[in-house]
Amino acid sequence: MGELFVFDHPLIQHKLSIIRDVNTGCKEFRELVNEVSMLMAYEVTKDMALEACEVQTPVAKAKCYHLAGPQLAVVPILRAGLGMVEGILDLIPTARVGHIGVYRDPETLQPVEYYCKLPNDIEERLIIVTDPMLATGGSAIAAINFIKARGGKNIRLMGLIAAPEGIEAIQKAHPDVNIYVAGLDSHLNDHGYIVPGLGDAGDRLFGTK
Ligand code: PRP
Ligand code: URA
């Protein structure tokens, strides 16, 4: 079973409370989602392998460490997952970025896939799939299916807020994928929105409502 990590770091929790606030505007919302994504990425990547190296400082040789690989791929689920990419790239600028287009049909709540473009060597990379909202889990499950069908194996899922129903569904469909979120909320409402959640993440990020 994939593990669920809910980050309780004070900075993440503080920023998440502003993100949730209905009075937070588009610009601040976008900035804070990026900041929280960067803080979360720090934790999500904390077990990356290192190898020893030697660096000449102005004073002497120092025994140091650099990343040994695998290289990283960030794969946002369009559109709202895009909001989490920049923060991760600020931390790990060598990461490649794939894109997966999935939207949730508002009537059936079923995921509809419309786009997929991943790095060629996706099977060799550590993959972080991003989507701020894990509601029914359908979009994340479909996106991870896409990635696995193209050879991706080493996959982690990073979101901002999840509903218990979504976590359960994702863990059942993809027991090899660890899930990282900043908040685990109470339930879904009749429209499939997370309660209390933050509303529609895509609309709040891109100002489409
Ligand atoms: C939202 C959100 C997730 C999905 C979560 O996307 O960004 O991708 O819903 O719901 P689920 O877990 O029930 O699948 P939406 O379909 O609104 O598309 P958008 O990102 O283009 O706004
Ligand atoms: N998608 C969102 O953007 N918000 C929700 O609460 C659920 C799905």
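The values are calculated or read from the model by the stated rules, or taken from the named source; none is laboratory data. Values in this document were obtained by computation on a predicted structure and should not be read as measured data. Backbone-built Cβ (ideal geometry, glycine too); neighbour counts: all protein chains shown.
Here are some notes:
- Residue ID - farthest from ligand 2 (Cβ to nearest atom), chosen from residues in the range 96-120 that are over 19 Å from Ala201 (Cβ atoms), in a loop (DSSP other than H, G, I, E, B) and in contact (Cβ under 8 Å) with a residue 12 or more places away in the chain: Pro119
- Test: residue in the range 123-133 that is assigned to a loop (DSSP other than H, G, I, E, B), touching a strand residue (DSSP E or B) at 6+ places or on another chain (Cβ under 6 Å) and over 29 Å from Gly192 (Cβ atoms): yes
- Residue within the range 120-143 that is buried (at least 17 other Cβ atoms within 10 Å of the Cβ), in contact with a Gly (Cβ under 9 Å, 6 or more places away or on another chain) and at positive phi present: yes
- Taken residue by residue, the range 150-162 has at least one member that is basic (Lys, Arg), part of a loop (DSSP other than H, G, I, E, B) and away from ligand 1 (no atom under 13 Å from the Cβ).
- Considering only residues in the range 155-188 that are among the acidic types (Asp, Glu) and out of contact with any Leu (no Cβ under 9 Å at 6 or more places or on another chain), the one that is farthest from ligand 2 (Cβ to nearest atom) turns out to be Asp176.
- Condition met for Ala60 (surrounded by fewer than 18 Cβ atoms within 10 Å (Cβ to Cβ), modelled with pLDDT of 95 or more and of a type in the set (A, V, I, L, M, F, W, C)): yes
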